[in-house]
1. D for segment 36-91, whole µm²/s, Stokes-Einstein with Kirkwood Rh over alpha-carbon pairs at 20 °C and 1.002 mPa s: what number?
2. Measure off 7 Å from each Cα along the Cα-to-Cβ vector at residue 173 and residue 10, then give the distance between these two points in nanometres to one decimal.
3. Among all the lysines, which ones have a C-alpha under 29 Å from residue 42's C-alpha, if same-chain residues fewer than 8 places away are not counted?
4. Project the alpha carbons of the chain onto their principal axes and report the range along each, largest first, in whole Å.
5. What are the semi-axes of the equivalent ellipsoid for segment 85-176, taken as the square roots of 5 times the Cα gyration tensor eigenvalues, largest first, in whole Å?
Amino acid sequence: MTTALTKISIGHQDKLVAGFAALAITIHLLESTLPSPIPGIKPGLANLVTLYVLIRHGWVLAANVSLIRVIAASLLLGSFLSPTFAMSLAGAIASLTVLGLAWHCPGKPFGPIGLSILASMAHISAQVITAYLLFIPHSSLFALLPILLTTALISGTFGGILVCKILQRIDNLKNT
């Protein structure tokens, strides 16, 4: 009796996705331990990995990193298929959709800060809509939108600035 072995080739892009997904998962897990003054409000630091990957490697790799992070982190935190997972996945899909549209705009009008703000706003908006459609079908939920969108604007701006600094630092390291 002989056994056939199937060789799976692992390419450069596979290694990039794995490495960036591992980083994003680690940040997500650390961020999940932070206290939140308002439920659902977190800085979104793991999403900055997605933004960096988008800028350096394109939308497809960024989407892979983001979706792997959401699924793997939910499995590690024990929230897979829970309301938290549904809202996280909805936020990730919305932000990836907006990032994809913005990234492919002619002339690339959005830099890291603009992209981060767009993604952050899409993320929180999708989470509120998901919460309304699946868990809290009450219109008063939308009264939270001004606070949540203001927080998204602040965290998106801060995140975009961080990504700019990271991009500059990496460029400086490459040039030395």
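1. 178
2. 2.1
3. 15, 108, 165
4. 64, 52, 33
5. Equivalent-ellipsoid dimensions as semi-axes: 30, 14, 11 Å.
Where a number appears in this text, it was derived from the coordinates with a stated rule and is not lab data. Worth saying up front: this structure is predicted, and the values here are computed from it rather than measured. Every residue, glycine as well, gets a Cβ built from its backbone with ideal geometry; the counts of neighbours run over all protein chains shown.
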